[in-house]
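A.B. asks: Please find one structure pasted underneath; my questions will follow.
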Amino acid sequence: MQKARIGIFDSGVGGLTVLRELYRQLPSESILYFADTARLPYGNRQPAEIVQFVREILCWMESQGVKMVIMACNTSSALALETVQSEFDVPILGLILPGARAAVRQGRRIGVIATPATAASNAYRRAIQEMNPQCRVWQVGCPEFVPLIERNRIHDSYTMEVAREYLAPLQEQQIDTLIYGCTHYPLLARVLKSILPRSVQLVDPAVWVVQAAARELEALGLRDTGAALPTRFGVSGCPEEFGQRAVQWLGCTPTVEKVCLPQPESEPLPLKPLE
Ligand code: DGL
């Protein structure tokens with residue numbers, strides 16, 4: 001079982017920020033990465049739909065023999081983690097608690113940028129205030145970030161404009177800490193850092209969930225110390241498209257398999273059109 005892969009999943013390329021951390025902190029582990037690109041974005045879907053998607057992904061991951069699953073998606077962590085943890089035998093880790101714990105160590109005026117579903121769930125505020133009731137938390141839903149990142153429009157002036165708009169209410173509150181409450185957002189780090197004062201500490205929950213995974217693997221006697229197998233990538237949408245998008249973040253073109261999961265019963269709520 002030690003040699004089995006760790007399964008990680010997201011709706012798209014956002015989970016690559018967690019994969020990057022896995023490579024850095026746990027280089028001997030073999031990984032199975034799944035991106036639900038056919039149903040992206042998750043962040044403006046209904047909670048019940050997200051729980052259903054997560055169940056389907058976990059069933060598939062279990063059938064692939066993974067030893068642990070890391071939800072590399074805040075939206076899934078906020079809306080589905082507690083429900084599915086009791087439904088599956090495999091250990092499942094989410095981003096919210098590790099991210100909240102790190103933020104509470106760093107500041108007292110905490111901003112969270114997240115998908116609309118994560119912001120509406122209040123998951124970060126609840127977790128942070130349970131850990132430290134003195135902390136104040138402001139959450140902003142950022143519906144346009146994921147589509148812009150997935151369309152590789154990170155360096156557009158429009159993206160900068162949107163980012164300024166999303167960060168303005170947090171800057172007004174003079175936050176001292178900002179959580180990337182969506183795994184896609186560290187890919188915008190340069191844009192966000194160019195807007196925020198240097199004094200604002202940025203928290204990437206990916207760093208902390210991987211640290212928690214390392215501890216859990218150790219405790220369960222599941223830590224692999226041999227050589228890692230090449231990462232296996234699976235997507236529900238177009239493998240070539242994902243490969244092209246992922247190459248800039250991975251530094252090489254991945255081989256991507258098509259995975260057939262059931263199709264959604266409804267479409268996400270319409271997004272504001274991009275300019
Ligand atoms: N990257 C994911 C997250 O952390 C999902 C983004 C989306 O599909 O809306 O929430």
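The values are calculated or read from the model by the stated rules, or taken from the named source; none is laboratory data. Treat the numbers as computed from the prediction; the structure is a model and nothing was measured. A quick note on method: Cβ atoms are made from the backbone with ideal geometry, for glycine too, and the neighbour counts reach across all protein chains shown. Accessible surface areas use protein heavy atoms only, side chains included; no ligands, DNA or RNA. Shrake-Rupley method; radii C 1.70, N 1.55, O 1.52, S 1.80 Å.
A.B. asks: Collect the residues in region 168-211 that are among the acidic types (Asp, Glu), under 19 Å from residue 101 (Cβ atoms) and out of contact with any Gly (no Cβ under 6 Å at 6 or more places or on another chain), keeping them in residue-number order.
C.D. replies: Scanning region 168-211 gives a single hit, 204.
A.B. asks: Okay, moving on. It is to be established whether one or more residues within region 79-94 are in a helix (DSSP H, G or I), over 30 Å from residue 132 (Cα atoms) and free of Cβ contacts under 8 Å to residues at least 60 places away in the same chain.
C.D. replies: Scanning region 79-94 turns up no residue that is in a helix (DSSP H, G or I), over 30 Å from residue 132 (Cα atoms) and free of Cβ contacts under 8 Å to residues at least 60 places away in the same chain.
A.B. asks: Quickly run through region 73-112 and pick out the residues that are within 24 Å of residue 221 (Cβ to Cβ) and in contact with a strand residue (DSSP E or B) (Cβ under 7 Å, 6 or more places away or on another chain).
C.D. replies: Listed by number, the residues that qualify are 81, 84, 85, 90, 91, 92, 93, 94.
A.B. asks: Kindly check whether there is at least one residue in region 58-72 that is more than 13 Å from the ligand (Cβ to nearest atom), among the hydroxyl-bearing types (Ser, Thr, Tyr) and assigned to a helix (DSSP H, G or I).
C.D. replies: Yes, the conditions are met somewhere in region 58-72.
A.B. asks: For residues that are farther than 17 Å from residue 175 by Cα and away from the ligand (no atom under 15 Å from the Cβ), tally how many sit in region 97-126.
C.D. replies: 1
A.B. asks: Tell me, which residue of region 26-57 that is of a type in the set (Gly, Ala, Ser) and either assigned to a strand (DSSP E or B) or more than 26 Å from residue 220 (Cβ to Cβ) (or both) is most open to solvent (accessible area, probe 1.4 Å)?
C.D. replies: Once the filter is applied, the top-ranked residue is 48.
A.B. asks: Sticking with this one: Working only within region 16-25, note down all residues that are surrounded by fewer than 24 Cβ atoms within 10 Å (Cβ to Cβ) and within 11 Å of the ligand (Cβ to nearest atom).
C.D. replies: Passing the criteria: only 17.
A.B. asks: Return the only residue of 240, 216 being in contact (Cβ under 8 Å) with a residue 24 or more places away in the chain, assigned to a helix (DSSP H, G or I) and away from the ligand (no atom under 16 Å from the Cβ).
C.D. replies: That would be 216, the only listed residue that is in contact (Cβ under 8 Å) with a residue 24 or more places away in the chain, assigned to a helix (DSSP H, G or I) and away from the ligand (no atom under 16 Å from the Cβ).
A.B. asks: Based on this model, can you work out whether residue 78 counts as crowded, with 19+ Cβ neighbours inside 10 Å and either acidic (Asp, Glu) or within 15 Å of the ligand (Cβ to nearest atom) (or both)?
C.D. replies: Judged against the criteria, residue 78 is a match.
A.B. asks: Of the residues that make up region 243-254, is at least one away from the ligand (no atom under 16 Å from the Cβ), in contact (Cβ under 8 Å) with a residue 24 or more places away in the chain, in a helix (DSSP H, G or I) and crowded, with 16+ Cβ neighbours inside 10 Å?
C.D. replies: yes
A.B. asks: Scan region 1-28 and report the pairs whose first residue is closer than 16 Å to residue 39 by Cα and whose second residue is part of a helix (DSSP H, G or I) and more than 11 Å from the ligand (Cβ to nearest atom), with Cβ atoms within less than 8 Å and a gap of 6+ or a chain change.
C.D. replies: Taking only residues 6 or more apart or on different chains, the pairs are 9/57; 9/61; 12/242; 12/245; 13/242; 13/245; 13/246; 13/249.
A.B. asks: Taking the conditions exactly as written (open to solvent by less than 80 Å² (accessible area, probe 1.4 Å), out of contact with any Pro (no Cβ under 9 Å at 6 or more places or on another chain) and either on the phi < 0 side of the Ramachandran plot or modelled with pLDDT under 95 (or both)), does residue 271 satisfy them or not?
C.D. replies: For residue 271, the condition - open to solvent by less than 80 Å² (accessible area, probe 1.4 Å), out of contact with any Pro (no Cβ under 9 Å at 6 or more places or on another chain) and either on the phi < 0 side of the Ramachandran plot or modelled with pLDDT under 95 (or both) - is not met.
A.B. asks: I need a count of the residues in region 164-176 that are under 20 Å from residue 117 (Cβ atoms) and either open to solvent by 10 Å² or more (accessible area, probe 1.4 Å) or within 16 Å of the ligand (Cβ to nearest atom) (or both).
C.D. replies: The total comes to 3.
A.B. asks: Could you please find all residues in region 177-213 being more than 16 Å from the ligand (Cβ to nearest atom) and either small (Gly, Ala, Ser) or in a loop (DSSP other than H, G, I, E, B) (or both)?
C.D. replies: 194, 196, 197, 198, 199, 200, 212, 213, listed by residue number.
A.B. asks: Continuing with this model, one more query. Of the numbered conditions (1) assigned to a loop (DSSP other than H, G, I, E, B); (2) surrounded by fewer than 18 Cβ atoms within 10 Å (Cβ to Cβ), residue 143 satisfies every one except a single condition; which is it?
C.D. replies: (2)
A.B. asks: I would also like to ask the following. Would you mind telling me which numbered condition in (1) touching a helix residue (DSSP H, G or I) at 6+ places or on another chain (Cβ under 7 Å); (2) over 22 Å from residue 121 (Cα atoms); (3) more than 14 Å from the ligand (Cβ to nearest atom) residue 55 fails?
C.D. replies: In the conditions (1) touching a helix residue (DSSP H, G or I) at 6+ places or on another chain (Cβ under 7 Å); (2) over 22 Å from residue 121 (Cα atoms); (3) more than 14 Å from the ligand (Cβ to nearest atom), residue 55 misses (2) alone.
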